[in-house]
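Structure record follows, encoded as structure tokens.
Bear in mind these aren't lab numbers, they're just calculated from the coordinates by the rules spelled out. This is a predicted model, so every value here is computed, not measured. Note that each Cβ is placed from the backbone with ideal geometry, even for glycine, and that neighbours are counted across all protein chains shown.
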Amino acid sequence: MRRLFIIILIISTQSCTSQTKKETTNKDSFLVNKTNAEWKQILSPMAYYVLRESGTEKAFSSPLNNNKEKGTYVCTACKAPLFKSVYKFDSGTGWPSFDREIEGHVAFTKDGSPDFYGIEEHCANCGGHLGHVFNDGPKTTTGKRHCINGAALDFIPKP
């Protein structure tokens with residue numbers, strides 16, 4: 001009986017860890033590469049937490065969530081353009097949401113169960129974690145909801 005319990009424990013532990021395991025990308029494959037110390041010098045503590053440690057800011061904490069100006073949302077770390085304001089919509093989730101990215105500027109990684117966690121999004125230029133994409137966005141456009149941490153974005157108004 002004890003042996004059966006140990007076997008079940010081992011199997012369940014391996015099952016749990018394999019579900020949370022991420023596919024990783026070689027950091028050397030990004031155009032912008034910095035050490036953790038370099039990122040800490042140029043990013044705010046919250047931006048570092050989100051972009052470099054795959055953290056999540058509190059819902060409704062970013063002023064960009066309610067931004068209605070026309071322009072481009074860029075990566076806070078490397079300033080690569082990621083999303084256009086015309087793609088932004090109010091999802092009611094408390095994070096800036098977009099129905100599409102600027103093609104080729106956002107990379108995607110499976111992160112656990114895509115149905116629950118969505119698919120992780122990161123900057124294709126520096127690898128910074130942005131948020132997740134879900135299939136519950138506006139049905140009249142792409143059906144996607146790119147749920148993005150405001151701390152990962154800077155906004156450049158359209159002139």
Of the listed peptides 78-90, 56-68, 126-138, what is their order by residue-averaged count of other C-beta atoms within 10 Å, with the highest listed first?
126-138, 78-90, 56-68
Net charge over other residues, Cβ less than 12 angstrom from the Cβ of G94 (K, R count +1; D, E count -1)
-1
